[in-house]
1. Please find the FRET efficiency linking residue 405 to residue 441, where r is the Cβ-Cβ separation and R0 is fixed at 45 Å, and quote it to the nearest 0.05.
2. Over all pairs of distinct alpha carbons, what does the Kirkwood formula give as the hydrodynamic radius of segment 266-358, in Å?
3. What is the list of residues in segment 273-291 whose amide nitrogen lies under 18 Å from a point 7 angstrom out from the Cα of residue 346, following Cα to Cβ?
4. Taking Cα pairs under 8 Å and at least six residues apart, what relative contact order does segment 74-140 come out at, in percent?
5. If you take the Cα Rg of segment 9-237 and divide it by 2.2 N^0.38 Å, with N the number of residues, what do you get?
6. Using a basic spin-label model with each label point 7 Å from the Cα along Cα→Cβ, how many nm lie between residue 65 and residue 158?
7. Listed highest first by mean packing, meaning other Cβ atoms within 10 Å per residue, what order do 276-285, 145-154, 24-33 come in?
8. What is the angle, in °, between the Cα long axis of helix 134-143 and the longest principal axis of the Cα atoms in the chain? Nearest 10 is fine, range 0 to 90.
Ligand code: AMP
């Protein structure tokens, strides 16, 4: 279920005759990370070629378009806006020509000082074409006095704060960069003699590429005809990869920080069951993201896990609702209860998170109407009390239900018989249970704790995240 939108996904490939086709497939596997727009830029050694559009990957590209995207190197992007408005001019990869030639860039993340940088650049005469924070990086690269591309990128990224997993493409180079905290994922693999880079390893599986490793936090990788070169130009800081990728965002068949997302989610469910056991007849997941946690919960308490909620995967943008409005039309379009599973049962609903609380409230109502005797809500993450400024689209703090209501009040609001959230320590236990922490491995949990590891410079300008660059007409 989703009331909010995901952020972005990136994919890149170097040295393959079918670069555009494979990028298309890579983006298809990353579609869960952004459904608003998608784009591919290819490089044929002389020039860059681009196709970008609003919509889903399979709607945007066809054989003719793919064939026109010539070259052995490519980068691609799927987008949901976390900064900048949602329209055509903000589609990525961004492609520019400057005095060093052509450059394309694809970004997953959110800079926390983009507004500050943009103000500064505009005062120096820069003109911006889009409202995305990503364009700031391009202006900084163009401004740099360095000769080599990688040094220009280092110059630019040294000025940027916050979250970025980036891919750059020039006629000769593919460059991957990950911010020093490693907020957003980025992995590298091989397909024959070609290198591939992607937000998540699930993109490698579809094209038959072999997973090599994570792009390390603070690492810049340059791939060109000389092979692969790795740079670590930034001062080392404590890693703070987004824990919510593990809880909700990433695809369960991906590996993050060398951990199976599916296995971690299952462990989150097991730990949740230890922390908040309940006597019940059936466990029901909120599909799709609640499924692995519900399996773990059921296994731990030895209570059957059944498909009591069905999700429709074919939701388009708008629906024509009959004039005589149907009760709970919106939620029923996405989810429906299977009465056979629920009737006369004590039901535990397992979901990965509560954001505004509206989904949970509707689900509890739906399950009661399907005849449940009791409805217990269990959430495989802690109460979400703080907004994310590092690339996940969460609403403002005021809209987060756990920011203003206590556990009892939320339980009352969503009308469940009981409510249990996983503890913050519980996340750590679940991750460790699956696989020991790698040395130095640590996670950003600011959405639960308010412990922001990178300063939010722009917030001093009193900005709402989604309106980063929107201005009144002047
Ligand atoms: P809400 O009605 O706002 O409480 O939404 C809770 C539901 O949204 C849960 O089922 C989550 O799986 C899902 N969810 C949580 N975070 C996000 C997000 N950033 N984007 C989209 N969906 C989300």
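Computed from the coordinates by the stated procedures, all read-outs in this text should not be read as laboratory data. Computed from a predicted structure; not experimentally measured. Every residue, glycine among them, receives a Cβ derived from its backbone with ideal geometry; neighbour counts consider all protein chains shown.
1. Working: r = 33 Å, r/R0 = 0.73.
Efficiency computed from Cβ-Cβ geometry: 0.85.
2. Working: mean 1/r = 0.0693 Å⁻¹.
Over segment 266-358, the inverse of the mean reciprocal pair distance is 14.4 Å.
3. Answer for segment 273-291: 273-285.
4. Working: 65 pairs, mean separation 23.0, N = 67.
It rounds to 34 percent for segment 74-140.
5. Values: Rg = 15.9 Å, N = 229, 2.2 N^0.38 = 17.3 Å.
My calculation over the Cα atoms of segment 9-237 gives 0.92.
6. Calculated label separation equals 3.9 nm.
7. Details: 276-285: 20.7, 145-154: 16.0, 24-33: 23.8.
Taking the mean over residues of other Cβ atoms within 10 Å, the ranking is 24-33, 276-285, 145-154.
8. 20
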